[in-house]
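The values are calculated or read from the model by the stated rules, or taken from the named source; none is laboratory data. Worth saying up front: this structure is predicted, and the values here are computed from it rather than measured. Here Cβ is always computed from backbone atoms with ideal geometry, including for glycine, and neighbour counts include all displayed protein chains. Surface areas here come from the heavy atoms of the whole protein model, side chains and all, with no ligands, DNA or RNA. Shrake-Rupley method; radii C 1.70, N 1.55, O 1.52, S 1.80 Å.
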Amino acid sequence: MPDVSTSPRLSRKTHPSPRGPADRRIVHLGIGAFARAHLALYAEDAEAAGGEAWDILGVSLQRPDQRDRLAPQDYLYTAIERGPRGNTARIVNCLSGVLVAPENPSNVLDALTAPATAIVTLTVTEKGYCHDPASGRLNLSHPDIVHDLAKPDAPRTAVGFIVEALRRRRLAGVRPFTVLSCDNLPANGRLLAGLVANFAEVGAPDLSAWIAADGAFPCSMVDRIVPAAVPEDAVEAAMLTGFADAAPVSHEPFRQWVIEDHFIDGLRPRWERVGAMLTENVEPFELMKLRLLNGAHSALAYVGYLAGRQTIAEAMADPVLAAFVDRLWAEVLLTVPPPPETDLVDYTRDLAERFRNPAIQHRTWQIAMDGSQKLPQRLLGSVRDRLARGLPIPCLALTIAAWCRYVGGIDETGAAIDVRDPLAAGLRARIEGAGSEGAVRALLSEKAIFGTDLERHDGFIRAIEGAYARLARDGARVTVERYLLHKKDA
């Protein structure tokens, strides 16, 4: 095994770019692991398949960590594909730089305003949209949105940067860029367009009509499992390539990208040449992925974490938890219209194999983060659809009850849970103020998550309370096992 400390570091001297000069640029907001393991690889592959060259300029909206790791190696990095039968690696060189927004927001605005920037992509996670997940509207009282409205020249949020950059482009007589969300949100393009409109109506009312008429916010569905980086990734990268890399990413072999083909002046990489699906309607694919993949991921995250399982693969290796996911899928399938040429049973069977991949160490704690922003999209739509049909929700209720237990901050051994969620403090206060008997009702009354309908639905409340009581009494794994034995009516 190579010594990472003595391996030569990646640089453009050792790996000169084989790419031609790029006339067009993608600016990506939120340049984390997913973008580098998905968007960047599609961009390079499309160029290799005969398309034109596109540079990607990354923007970190919060911290300099990513820039500080990548800059000394000329923004090159290793992408490690982890498959059940072994790992492979490639050196990625389409990233031209990373800007850190808090250090110099003007530089970010200049990059967004430059005519060469034709597309702005985003992976800022659900909470980065600063919206109310239940209503889908911009949270105008969010402190960062309040700041951006007051100081549009120095924004903090993705929405603030997009609106101010579009305002400047309009003043300069430059066509708008296409805004392409790659986050796990239903109708993500339409949602983002609405948030931009909400912001512009307050901060720049005359801009709204121009954005609505000339802008483009295509919806997209992205799918690739990209676990959080661990120190072992650097060792693996050096072993596979012979070069030290401070910022490798790892990913599963599978990838999917479904994109609404609506781009300003048709400017985009030829992603369809390398497997992306360009379509007029992304919604069926979004719904399938959110409810079946992401919903099951969240279920395994909360139930699995409480049961002591550290990763998704570890949870799926437990026959009780694997059977629970199968039952959850059977429950949810009735709420998912199949996309064209898609068999949903085959899709869930393939998901199970992907989840079992032992080479992907996707931590349950990582997936459990920001649950207040994820539940409405991943689970509550399925809940509402089944309740509207008069159908029971045993597995969905158990998953939501596990979330209630998780955000309480204490696991089954009495140890503290590091709950990472924008609403964490408020949720914990609700629990503490209600006591153990009223904890569920207190949490379900959080309108930003559950809206106003579910807290008034007696059947929903009783299902969550019953599951929560069993989890508190018996623990997660025993509760799941008993559900599988007795809940045959889902």
### Message
Using the crude model of +1 on Lys and Arg Cβ and -1 on Asp and Glu Cβ, and no other charge, please compute the dipole size for the chain relative to its Cα centre, in debye to 20.
### Response
360
### Message
Suppose only helical runs count, i.e. DSSP H with n ≥ 4. What mean residue ellipticity at 222 nm does that imply for the chain under -39500 (n - 2.57) per run, divided by all residues and rounded to the nearest 500 deg cm²/dmol?
### Response
-13500 deg cm²/dmol
## Note on the structure
Mean projected area, convex hull of alpha-carbon positions in the chain, reported to one decimal in nm², is 23.2
## Note on the structure
Under the rule rounded for a/c under 1.5, else prolate if a/b exceeds b/c, else oblate, using alpha carbon gyration tensor axes a ≥ b ≥ c, segment 7-100 is classed as rounded
### Message
If I compute solvent accessible area with a 1.4 Å probe over the protein chains, what percent of it on segment 143-241 is carbon and sulfur?
### Response
58
### Message
I need the shape label for segment 350-471. Rule: rounded when a/c is under 1.5, else prolate if a/b > b/c, else oblate, with a, b, c from the alpha carbon gyration tensor.
### Response
oblate
### Query
What's the angle, to the nearest 10 degrees (0 to 90), between helix 188-203's Cα axis and the longest principal axis of the chain?
70
### Summary
Averaged per residue, the 1.4 Å probe accessible area of the chain, protein heavy atoms only, in Å², is roughly 40
### Query
How much of the accessible area of segment 1-133, probe 1.4 Å, is carbon plus sulfur, in whole percent?
49
### Message
Accessible area of segment 376-464 with a 1.4 Å probe: how many percent of it is carbon plus sulfur?
### Response
49
### Query
Among rounded, prolate and oblate, which fits segment 28-175 when a ≥ b ≥ c are the square roots of the eigenvalues of its C-alpha gyration tensor, a/c under 1.5 means rounded, and a/b larger than b/c means prolate?
prolate
### Message
Please compute the modelled spin-label separation between E455 and N87, points set 7 Å along Cα→Cβ, answer in nm with one decimal.
### Response
4.7
### Cross-link table K13/K151; K13/K127; K127/K151; K13/K289, entries beyond 32 Å C-alpha to C-alpha
K13/K151; K13/K127; K13/K289
### Task
Multiply the residue gap between W210 and T413 by 0.36 nm, knock off their C-alpha separation, and tell me the result in nm, one decimal place.
67.4 nm
### Mean Cα-pair separation over length for the chain, i.e. relative contact order, pairs under 8 Å, 6 or more apart, %
15
